[in-house]
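Chemist: Before anything else, here's the structure in question.
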Amino acid sequence: MSLMEDEGIRIVHCHRLLLGLIPTMILVSILISSASAAEVDEIGSRLYLKRCASCHGEAGEGVKSEYPSPLMGEDSVSQLAQYIDRWMPEDDPDECTGEDAENVARYIFDAFYSPAAQARNNPLRPVLSRMTARQFQNTTADLIGHFRPPAKGEEKEGLQGKYFKAGKPKGEPQVQRIDPEIRFKFSDDVALTEVMDATGFSARWTGSLHAPETGLYRFTVRTDHAARLWVNDSKIPLVDAWVRSGTDTDFSNTLQLIGGRPYPVILEFSSRIQGVENKFKGEKRGLDGFLELHWNLPKRPTELIPQNRLVSSRWPKVFVLNTTLPPDDRSDGYERGASVSKAWDEAATEAAIEMADYVTENLEELAHAKKVDDDYPFKVRRFCNDLTAQAFRAPLSAGQKKFYIDRQFARAPDLEAAVKRVALLTFKSPRFLYTDLIDPISDDYAIASALSFALWDSLPDKRLLEKAAADELNERDQIAAEAERMLDDYRGRAKLRDFLHQWLKVDETSELSKRTDLFPGFNTQLASDMRTSLDLFLEEIIADKNSSFHDLVLSRELYVNKRLGEFLGLVPPSDDSFKRLTTDESERAGVLTHPYIMAKFAYDDTTSPIHRGVFLARNVLGRGLRPPPEAVTPEPPELRPDLLTRERVALQTEAIACQSCHSLINPLGFTLEKFDAVGRVRDNEIGKPIDSTGAYLLPDGSSAEFAGARDLAEFLVEHQETHQAFAVQLHHYMVKQPINAYGVEMSESLTKSFTDSKLNLRRVATEIAINSALAKRGAHGADQSESVVAARRGFLWSCRHRNQHHTRNLLGFFKLCDCRKTNGRGR
Amino acid sequence: MNTLQTRREFVRSLQLSTAALPFLSGLPSLCSAQANQRKKRMVIMFSPNGVSKPSFWPTDDGGKDFVLPESLKPLEPFRDQSLILQGVCDKIRGDGDSHMRGMGCLLTGIELFPGNVQGGGHTPAGWSSGLSIDQEITNYLQASPTTHTRFGSLEFGVLVPNRADTWTRMSYTGPNRPLAPISDPYRMFKKLYGRVEDQESLKSVLDDLTQELRVLRNAVPAEDRQILEEHTEFVRNMERDLEANSQRELEHAVPKLDPDVDNTNDRMPEISRMQIDLMVNSFAADFARTATFQFTRSVGGAKMRWLGIEEGHHAISHKPDEDEVAQEHITLINKWYCEQLAYLAKRLAETPEPGGEGSLLDNTLLIWTNELGKGNSHSLDDIPFILVGGGLDFAMGRHKKYDHVPHNRFLLSLAHGFGHRIETFGNPDYCGEGPLNLT
């Protein structure tokens, strides 16, 4: 494996000869200029045009036959000056030195070289983008979900269990209770044995389960009697072992689920004989049965479904798109939908057909109408109108209604064909497929859409559209209130969690494996426990609205179960459920030293200070790193058995060509050396004490020194680059547009607000969502004609026509509309 | 999962014109490569609750000069293409009552697992412990590229209740792996022709979509135009491919189903007819080489009001031999089932073998069977096996009487008829002297 082979490296434009630039630490500013800035630019400009432009172009754009790459990069003026002094012009490096080199450097830096100059010369704007795969999946789920009822029942951890004397779980239950998990040996269950007789009994559990990850789940029912399980579908059982046959006790099946959402679940059990009701009915079966409900998270080992993933309330079924969309472009470091491809168009077509089929197959349910009723055609048409409006995230204009609805109904041979046409045309329409083609009926819908895509990767919900319809998304505080609400929704939490996974580079679940001879006890179960431990911590951070970046990086808390606790040498809980412990390990520092992260950035036998250092430099500090000049195979420890990992890495990267990056990477990575390749704390390696000192070179040229991981973490939480890197990456993950597209100063102001909020995580996410929403303000013409108001009114009604408790607001809205008309208010 | 797979294939096939071939390979005009080899097909039709022996079995001792009794009268036009096998017995014992074993062992020839489903007598049982002969043969045919078809086998049902138990399943893909028949003709239609339907729907909106793309292209800022232009190009390509596809599509007609036939007892005759039409169409398109056709279930209680019979079939079948009305009703009921068999035979006989000789019936063997020999005794002796058609080159136009041969041997002869020369099938104890010689 080559170093950094797994890094998604972006190749930056870079002067061929700047690559070997001497590290900043030995650069000294050598010139003190007495000329004014304007004069410098004037002199620099003249010198540049005379000596440099023939190869680099008049505006640094490059000259094809000479030096084709544009002059742009991240070096400082003094770095540039030194370079020019020494090397430029190539044919006669002595021609431009000293003060001349300084003047040229200043000029090109200001005119086009620096990132600020680039942003000024080529102002970015948010580009028209289609939904990413994640957005597509969530959007289709919520679009169908819009037509389903809200969750029902009491919300408690566990499932609602009902126990019956009969062979089928029907009628009046004998026992009713919340069961925190499904793991029973019924003969030990006093509450049951007291009530039931020896001929057996039946039971039914209902509730929902929360799927943390997106992917293919495997559900396993273990029982020696009859059982069946429904997940996300109340009609066809996912696992059907109602007929007992032979001696198998494990019954399983797989199901694709979207992460971060609750799914309805029903489990039934019977220990009575089934079939013909006759003399055999009374045969003694006893209460000796067992029943367990397990799952495998995507690519993870089997485990009992833990209590914190079960909830007793009944959530509606979720539409899970089966069509697989191609992976999105991540060359900018985050997924975005700024391009289309044939593979994408094929998949989008396949998805449109899948959804159109689903809509027609579930028409009665979704349209809230019965085929036999007289008003069925009316209700179906109204449903089509709602569906398209919902898909387009705004009420349909009169023209759109005519085109998408009336025209399709007029041309189809029957009602079902009409629905299919409307659905296909809607789901293939760019108005659905692109996130920001909201019809310019008003800014409010564009704002609602920007908010929901930023916070949920999905459509606005009913409430948000109501706010848009009522013209209540104008003011910053109105938008902020919605953003805060949405961040607390399961979709908002899921998005933050997925971001943290990306930030920590654990978004692809690749299996951790370690050499069992070196790390006995480390197996797939333990690796999975480590991942669970990390996720529980992240979820705790996300759930608390006061959580800050400090908590993320400085916490001394670890979630462990018995197995993981013992492995890490902590005092473990007594069973396999996870408990939160505060460790007394002095070096632990939140996610930065979490066992899963430490084990992930390590080889199967030793740590990898380089992987750890690259993660710290790039993701935590936001430093751009170039790919290594050539693929390098790390030296196996066996060849240097006398060296510490630290020493071996230092030796291998000592060449000058390596040092331009590794002088940054290694001293960061070394601070984590007190965590071994499986995330345990250690003081020694090969019998020698660990040296976990490290350093980081600040932009101003001074150096920060660290005694170890904790020291580094305490530095990072106070350091501006860390704040900026986190905020900018979060912006990119949420908005999927470059931050400079929202103005050259956006990155700085966002960072400032993050720092000022004491690094509150929810606040920065809210701020990003608000900024992307506010960018929509004024983007559209302020068309407040009567037809627009009428269209809004109709849409609002359609949002609420099954939502009677909102009637009061509705009246308020009409009043508001009238005011608007008389005020002639526009933006 | 299946429909998805096909949908994906469909969309891909639109984009790659050469990849359209697998989708179309079932069409007659493209089958010339396989024309030299004769296609062989098999349909196993099931009806429940045994028969009334006097009106079902010919009275002779076997041979060509038999007279079709009342229950079998509808087969008169196909007398020379029929083979009536008498004296074949289901000898499988073990757990489960006769209805359960009659059903679960009928095509599998092997015992049921012990389980929790209690019948009207005997011990409770679960699913069959082996796969069924139709699936054994399907696996054999699917393994060879020359006999491979899109579905391999199709499981048709008529009013099979929507629950999975030992009485409702006769096909198995393996031990504990029952296969559910599709009782809803509209669902079967979707399975067979969903792709063509999708294609038609898609075609119908592409013009409008292109128009909308043009409107939007002009409405967005110039910088955003390019992505929509690329998008438009993909839509145009799809339209072209769809057009080309539909030209080829015309060569195979998609059947039209009567709309709004409910899945209810009284619509049984219409559902039966629709399923038969779909089956004949799918053979003409070579979607599959084997099919099962299951009326209701073991112990099925269809009320054949259209024959003037108000009582449920199962209840009638329990009545004693002396009850003349009951025997007459059983005769009428089985005659009605025989009419379905005859209608299937007729439709197959009318349809020329695409790219081959003769009619579909000349290359198809129909087998009508039952889980019991006789309802009121729950006997598994003399299980009806009424064969029609030339599919497996059996000598037809005969009444053949055996002396209590195990039905495993008949199942073996079906495999051998397809050239699949297995030595035993199901429980080997009942495979004694190998397949029955029916040629």
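The values are calculated or read from the model by the stated rules, or taken from the named source; none is laboratory data. What you see is a predicted model; the values in this text were computed from it and never measured. We place every Cβ from the backbone using ideal geometry, glycine too, and count neighbours over all the protein chains shown.
Chemist: When only residues in region A:528-565 that are without any contact (Cβ under 8 Å) to a residue 24 or more places away in the chain and in a helix (DSSP H, G or I) count, which is surrounded by the fewest Cβ atoms within 10 Å (Cβ to Cβ)?
Modeler: Of everything passing the filter in region A:528-565, A:Lys562 is surrounded by the fewest Cβ atoms within 10 Å (Cβ to Cβ).
Chemist: Within region A:496-512, can one find any residue that is farther than 23 Å from A:Leu297 by Cβ and crowded, with 18+ Cβ neighbours inside 10 Å? Lay out the reasoning, then the answer.
Modeler: Pass one, region A:496-512, residues farther than 23 Å from A:Leu297 by Cβ: none.
No: region A:496-512 contains no residue that is farther than 23 Å from A:Leu297 by Cβ and crowded, with 18+ Cβ neighbours inside 10 Å.
Chemist: Separate question: Return the residue satisfying two criteria in turn: it lies in region A:100-129 and is in contact with a Ser or Thr (Cβ under 7 Å, 6 or more places away or on another chain) and not in a loop (DSSP other than H, G, I, E, B), and of such residues it is surrounded by the fewest Cβ atoms within 10 Å (Cβ to Cβ).
Modeler: Top of the filtered list is A:Tyr107.
Listed here are the residues, each with its yes/no results for (1) polar (S, T, N, Q); (2) within 14 Å of chain B (Cβ to nearest Cβ); (3) in contact with a Ser or Thr (Cβ under 6 Å, 6 or more places away or on another chain).
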| residue | (1), (2), (3) |
| --- | --- |
| A:Pro298 | no, no, no |
| A:Trp315 | no, no, yes |
| A:Val318 | no, no, no |
| A:Leu325 | no, yes, no |
| A:Tyr334 | no, no, no |
| A:Glu346 | no, yes, no |
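Chemist: Quick test of your reading of the structure: A:Phe403 fulfils all but one of (1) more than 9 Å from chain B (Cβ to nearest Cβ); (2) within 25 Å of A:Ala468 (Cα to Cα); (3) without any contact (Cβ under 8 Å) to a residue 60 or more places away in the chain. Name the failing condition by number.
Modeler: Exception for A:Phe403: condition (1).
Chemist: Right, something else. When the residues of region A:211-225 are narrowed to those that are part of a strand (DSSP E or B) and closer than 15 Å to A:Ile182 by Cα, which ends up farthest from the chain's Cα centre (by Cα)?
Modeler: Across region A:211-225, the extreme among qualifying residues is A:Thr223.
Chemist: State all residues of region A:209-250 that are more than 14 Å from chain B (Cβ to nearest Cβ) and among the β-branched types (Val, Ile, Thr); if no residue qualifies, say none.
Modeler: Correct list: A:Thr214, A:Thr220, A:Val221, A:Val231.
Chemist: So for region B:216-225 (the condition being facing another protein chain (nearest Cβ under 10 Å) and part of a loop (DSSP other than H, G, I, E, B)), does at least one residue qualify?
Modeler: Step one: filter region B:216-225 for residues facing another protein chain (nearest Cβ under 10 Å), giving B:216-217, B:219-221, B:223-225.
Retained after the next criterion (residues that are part of a loop (DSSP other than H, G, I, E, B)): B:220-221.
Yes: region B:216-225 contains one or more residues that are facing another protein chain (nearest Cβ under 10 Å) and part of a loop (DSSP other than H, G, I, E, B).
Chemist: Looking at A:Leu80, A:Leu124, A:Leu71, A:Leu47 in this structure, which one is under 30 Å from B:His231 (Cα atoms) and hydrophobic (A, V, I, L, M, F, W, C)?
Modeler: Exactly one residue qualifies, and that residue is A:Leu124.
Chemist: Among the candidates A:Leu625, A:Leu621, single out the residue that is touching a residue at least 12 places away in the same chain (Cβ under 8 Å), in contact with a strand residue (DSSP E or B) (Cβ under 8 Å, 6 or more places away or on another chain), over 30 Å from A:Arg563 (Cβ atoms) and surrounded by fewer than 24 Cβ atoms within 10 Å (Cβ to Cβ).
Modeler: Going through A:Leu625, A:Leu621 in turn, just one is touching a residue at least 12 places away in the same chain (Cβ under 8 Å), in contact with a strand residue (DSSP E or B) (Cβ under 8 Å, 6 or more places away or on another chain), over 30 Å from A:Arg563 (Cβ atoms) and surrounded by fewer than 24 Cβ atoms within 10 Å (Cβ to Cβ): A:Leu621.
Chemist: Taking the residues in region A:256-270 that are in contact (Cβ under 8 Å) with a residue 60 or more places away in the chain and either within 14 Å of chain B (Cβ to nearest Cβ) or farther than 11 Å from A:His210 by Cβ (or both) as candidates, determine which candidate is surrounded by the most Cβ atoms within 10 Å (Cβ to Cβ).
Modeler: A:Phe269
Chemist: Something else: Kindly check whether there is at least one residue in region B:374-389 that is more than 30 Å from B:Ala326 (Cα to Cα) and either part of a strand (DSSP E or B) or modelled with pLDDT of 95 or more (or both).
Modeler: Looking through region B:374-389, at least one residue is more than 30 Å from B:Ala326 (Cα to Cα) and either part of a strand (DSSP E or B) or modelled with pLDDT of 95 or more (or both).
Chemist: Here are A:Asp444, A:Asp436, A:Asp457: which of them is closer than 20 Å to A:Val127 by Cα and in contact with an Asp or Glu (Cβ under 7 Å, 6 or more places away or on another chain)?
Modeler: A:Asp444
Chemist: Just for region A:176-194: of the residues that are surrounded by 13 or more Cβ atoms within 10 Å (Cβ to Cβ) and of a type in the set (Val, Ile, Thr), which one is farthest from the chain's Cα centre (by Cα)?
Modeler: Looking at the filtered set, the residue picked out is A:Thr193.
Chemist: With respect to A:Ile178, is the statement that it is among the aliphatic types (A, V, I, L, M) and touching a Gly at 6+ places or on another chain (Cβ under 6 Å) true?
Modeler: yes
Chemist: For region A:725-770, name all the residues that are among the hydroxyl-bearing types (Ser, Thr, Tyr) and over 17 Å from A:Arg497 (Cβ atoms).
Modeler: A:Tyr742, A:Ser747, A:Ser749, A:Thr751, A:Ser753, A:Thr755, A:Ser757
Chemist: Quick one: which helices (runs of 4 or more DSSP H) lie wholly within region A:408-481 and hold at least 1 residues that are under 23 Å from the mean Cα position of the chain (by Cα)? Lay out the reasoning, then the answer.
Modeler: On the way: elements: A:415-428, A:430-433, A:443-456, A:462-469.
In region A:408-481, the matching helices (runs of 4 or more DSSP H) lie at A:430-433, A:443-456, A:462-469.
Chemist: Right, something else. Of the conditions (1) assigned to a helix (DSSP H, G or I); (2) at pLDDT below 90; (3) more than 13 Å from every other protein chain (Cβ to nearest Cβ), B:Asp258 satisfies every one except a single condition; which number is it?
Modeler: All conditions pass for B:Asp258, except number (1).
Chemist: Also: Check B:Gly355 against each of (1) at pLDDT below 95; (2) in a helix (DSSP H, G or I) and name the one condition it does not meet.
Modeler: Of (1) at pLDDT below 95; (2) in a helix (DSSP H, G or I), only one is false for B:Gly355: (2).
Chemist: Further question on the same structure: Hey, can you tell me all the residues within region A:406-457 that are in contact with a Leu (Cβ under 6 Å, 6 or more places away or on another chain), away from every other protein chain (no Cβ under 13 Å) and over 16 Å from A:Asp142 (Cβ atoms)?
Modeler: Those that are in contact with a Leu (Cβ under 6 Å, 6 or more places away or on another chain), away from every other protein chain (no Cβ under 13 Å) and over 16 Å from A:Asp142 (Cβ atoms): A:Asp444, A:Ile447.
Chemist: May I ask you to verify whether A:Gly669 is buried (at least 18 other Cβ atoms within 10 Å of the Cβ), touching a Gly at 6+ places or on another chain (Cβ under 8 Å) and small (Gly, Ala, Ser)?
Modeler: yes
Chemist: From the set of residues in region A:628-659 that are of a type in the set (Asp, Glu) and over 30 Å from A:Phe726 (Cα atoms), which is surrounded by the fewest Cβ atoms within 10 Å (Cβ to Cβ)?
Modeler: A:Glu638
Chemist: Within region A:153-208, work out how many residues are outside any loop (DSSP other than H, G, I, E, B) and of a type in the set (Gly, Ala, Ser).
Modeler: Here the count works out to 7.
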